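Peer 1: So that we are looking at the same thing, I have put the structure below in structure tokens.
The values are calculated or read from the model by the stated rules, or taken from the named source; none is laboratory data. All values reported here derive from a predicted model rather than from experimental measurement. Positions of Cβ are generated from backbone atoms using ideal geometry, with glycine treated the same way; all protein chains shown enter the neighbour counts. The area values use the complete protein model at the heavy-atom level, side chains included, leaving out ligands, DNA and RNA. Shrake-Rupley method; radii C 1.70, N 1.55, O 1.52, S 1.80 Å.
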Amino acid sequence: MHRPMTVSQDYAMSAALLAGGLFVGMSFLLEAGRRLGARRIRRHPEGASVGVGAIDGAVFGLLGLLVAFTFSGAASRFDARRQLIVEETNDIGTAYLRLDLLPASAQAELRERFHQYLDSRLATYRKLPDLAAAMQELARGTTLQQEIWSRAVATCAAEGAHPSACMLLLPALNEMFDITTTRRLAAQTHPPAIIFVMLFAMALASSLLAGYGMASSKVISWVHMLGFAAAMALAVYVIRDIEYPRLGVIRVDTFDQALVELRESWR
């Protein structure tokens with residue numbers, strides 16, 4: 001019986017097809033450009049390359065700028081997502097420690113809610129790339145947030161609660177809850193699709209111009225032609241992989257270990 005592909009498998013196949021298609025397209029246009037240049041040289045030997053250097057430089061410069069821009073942006077977002085995991089670990093750990101400031105009778109229930117909440121946060125990202133399951137777990141985490149907040153406020157309002165303890169605990173809970181929204185929005189932040197369209201278009205256009213420029217050589221350098229296409233295809237693959245660190249080969253999951261270690265420290 002044929003099993004439907006998972007989201008990860010679908011992503012891996014689409015990424016491979018994208019990079020492979022770019023490699024094939026660039027290789028084809030390199031050869032097409034070389035043949036066009038050779039035909040032009042045969043018809044106009046003296047003026048075939050006059051004035052094209054400035055255009056080549058502009059197109060290749062723009063391609064380099066787009067590659068640098070998309071790679072730098074993807075890398076910075078990747079680092080930001082890793083940093084947010086560390087921040088959430090610190091926020092949860094700080095709020096959990098401040099439960100010690102509450103009356104002993106109120107601590108046990110809140111600690112149990114914290115255990116459930118951290119388990120839910122870990123499960124939310126472990127269930128990716130199954131978006132439906134992750135959103136369901138995220139909703140469970142939101143419910144636990146409300147329960148933790150309600151219980152903490154009720155404890156602070158009860159007779160005998162120390163005001164300074166509540167002044168320390170409630171802001172810590174706010175930070176612990178707010179970081180979930182920050183992480184969710186950070187995971188959904190990507191460059192506009194037009195950026196990738198432009199990157200592909202410029203890579204293909206550069207291949208055509210590069211092939212045209214190689215027409216004056218009597219020997220075809222397949223190493224340079226295929227190497228250029230392979231390097232660009234690999235660069236685009238890596239950029240896309242860094243942009244979606246929960247789906248591809250380059251992953252941010254290893255930083256979830258900080259949350260796992262925090263959970264184990266509570267046992």
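Peer 1: Kindly check whether there is at least one residue in segment 140-151 that is of a type in the set (Phe, Trp, Tyr), part of a helix (DSSP H, G or I) and within 21 Å of residue 265 (Cβ to Cβ).
Peer 2: Just the residues of segment 140-151 that are of a type in the set (Phe, Trp, Tyr), to begin with: 149.
Next, from what is left, pick out any that are part of a helix (DSSP H, G or I): 149.
Narrowing further to those that are within 21 Å of residue 265 (Cβ to Cβ): none.
No, segment 140-151 contains no residue that is of a type in the set (Phe, Trp, Tyr), part of a helix (DSSP H, G or I) and within 21 Å of residue 265 (Cβ to Cβ).
Peer 1: Just to be sure before I move on: is residue 161 at pLDDT below 90, small (Gly, Ala, Ser), outside any helix (DSSP H, G or I) and over 21 Å from residue 90 (Cβ atoms) in the structure I sent?
Peer 2: Yes.
Peer 1: OK, next. Might you let me know whether segment 37-57 holds any residue that is out of contact with any Cys (no Cβ under 9 Å at 6 or more places or on another chain), at pLDDT 90 or above and of a type outside the set (A, V, I, L, M, F, W, C)? Give the derivation first.
Peer 2: Initially, segment 37-57 is screened for residues out of contact with any Cys (no Cβ under 9 Å at 6 or more places or on another chain), giving 37-57.
From what is left, the residues that are at pLDDT 90 or above are none.
There is no residue in segment 37-57 that is out of contact with any Cys (no Cβ under 9 Å at 6 or more places or on another chain), at pLDDT 90 or above and of a type outside the set (A, V, I, L, M, F, W, C).
Peer 1: Additional query: Based on what the data block shows, is residue 258 open to solvent by less than 30 Å² (accessible area, probe 1.4 Å) and farther than 17 Å from residue 68 by Cβ? Lay out the reasoning, then the answer.
Peer 2: On the way: open to solvent by less than 30 Å² (accessible area, probe 1.4 Å): no; farther than 17 Å from residue 68 by Cβ: yes.
In short, no.
Peer 1: Take residue 253 and decide whether it is open to solvent by 40 Å² or more (accessible area, probe 1.4 Å), touching a residue at least 60 places away in the same chain (Cβ under 8 Å) and charged (D, E, K, R).
Peer 2: Working: open to solvent by 40 Å² or more (accessible area, probe 1.4 Å): yes; touching a residue at least 60 places away in the same chain (Cβ under 8 Å): yes; charged (D, E, K, R): yes.
Yes: the conditions hold for residue 253.
Each row is one residue, and each column tells you yes or no for (1) of a type in the set (D, E, K, R); (2) closer than 20 Å to residue 76 by Cβ; (3) over 14 Å from the mean Cα position of the chain (by Cα).
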| site | (1), (2), (3) |
| --- | --- |
| 207 | no, no, yes |
| 233 | no, no, yes |
| 236 | no, yes, no |
| 248 | no, yes, no |
| 264 | yes, no, yes |
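Peer 1: While we're on this one: Specify the residue that is farthest from residue 172 (Cα to Cα); the eligible residues are those in segment 103-128 that are hydrophobic (A, V, I, L, M, F, W, C) and open to solvent by 10 Å² or more (accessible area, probe 1.4 Å).
Peer 2: Within segment 103-128, the first condition is being hydrophobic (A, V, I, L, M, F, W, C), and the residues that meet it are 104, 106, 108, 110, 114, 118, 122-123, 128.
Then keep just the ones that are open to solvent by 10 Å² or more (accessible area, probe 1.4 Å); that gives 104, 108, 122-123, 128.
Details: 104: 19, 108: 18, 122: 20, 123: 22, 128: 27 Å.
So, considering only residues that are hydrophobic (A, V, I, L, M, F, W, C) and open to solvent by 10 Å² or more (accessible area, probe 1.4 Å), the one farthest from residue 172 (Cα to Cα) is 128.
Peer 1: Further question: Pairs needed: first member in segment 135-152, farther than 17 Å from residue 109 by Cα; second member anywhere, open to solvent by 30 Å² or more (accessible area, probe 1.4 Å); C-beta distance under 8 Å; at least 6 residues apart or different chains.
Peer 2: 137/127; 138/184
Peer 1: A further question follows. Got a number for residues in segment 211-225 being touching a residue at least 60 places away in the same chain (Cβ under 8 Å) and either open to solvent by less than 60 Å² (accessible area, probe 1.4 Å) or under 13 Å from residue 32 (Cα atoms) (or both)?
Peer 2: As a first pass, look at segment 211-225 and keep what is touching a residue at least 60 places away in the same chain (Cβ under 8 Å): 211-216, 220, 225.
From what is left, the residues that are either open to solvent by less than 60 Å² (accessible area, probe 1.4 Å) or under 13 Å from residue 32 (Cα atoms) (or both) are 211-215, 220, 225.
Of the residues in segment 211-225, 7 are touching a residue at least 60 places away in the same chain (Cβ under 8 Å) and either open to solvent by less than 60 Å² (accessible area, probe 1.4 Å) or under 13 Å from residue 32 (Cα atoms) (or both).
Peer 1: Let me confirm something: among 229, 186, which residue is open to solvent by less than 40 Å² (accessible area, probe 1.4 Å) and in contact with a Ser or Thr (Cβ under 6 Å, 6 or more places away or on another chain)? So that I can check it myself, show each step before the final result.
Peer 2: On the way: 186 fails: in contact with a Ser or Thr (Cβ under 6 Å, 6 or more places away or on another chain).
Selected residue: 229, the only one of 229, 186 that is open to solvent by less than 40 Å² (accessible area, probe 1.4 Å) and in contact with a Ser or Thr (Cβ under 6 Å, 6 or more places away or on another chain).
Peer 1: Could you tell me which of the residues 172, 215 is modelled with pLDDT of 90 or more and not charged (D, E, K, R)? Let's see the steps before the verdict.
Peer 2: Values: 215 fails: modelled with pLDDT of 90 or more.
Only one candidate passes the filter, namely 172.
Peer 1: When segment 66-102 is examined, which residues are found to be surrounded by fewer than 12 Cβ atoms within 10 Å (Cβ to Cβ) and more than 33 Å from the chain's Cα centre (by Cα)?
Peer 2: 100
Peer 1: Same structure, new question: If you check residue 243 against the conditions, is it of a type in the set (Asp, Glu) and open to solvent by 40 Å² or more (accessible area, probe 1.4 Å)? Outline the logic, then answer.
Peer 2: Working: of a type in the set (Asp, Glu): yes; open to solvent by 40 Å² or more (accessible area, probe 1.4 Å): no.
No; evaluated as a whole, the condition is false for this residue.
Peer 1: Mind listing whichever residues of segment 129-142 are open to solvent by 70 Å² or more (accessible area, probe 1.4 Å) and not small (Gly, Ala, Ser)? First the steps, then the outcome.
Peer 2: Here is the first cut: in segment 129-142, the ones open to solvent by 70 Å² or more (accessible area, probe 1.4 Å) are 130-132, 135-136, 140.
Residues satisfying the conditions are 130, 131, 135, 136, 140.
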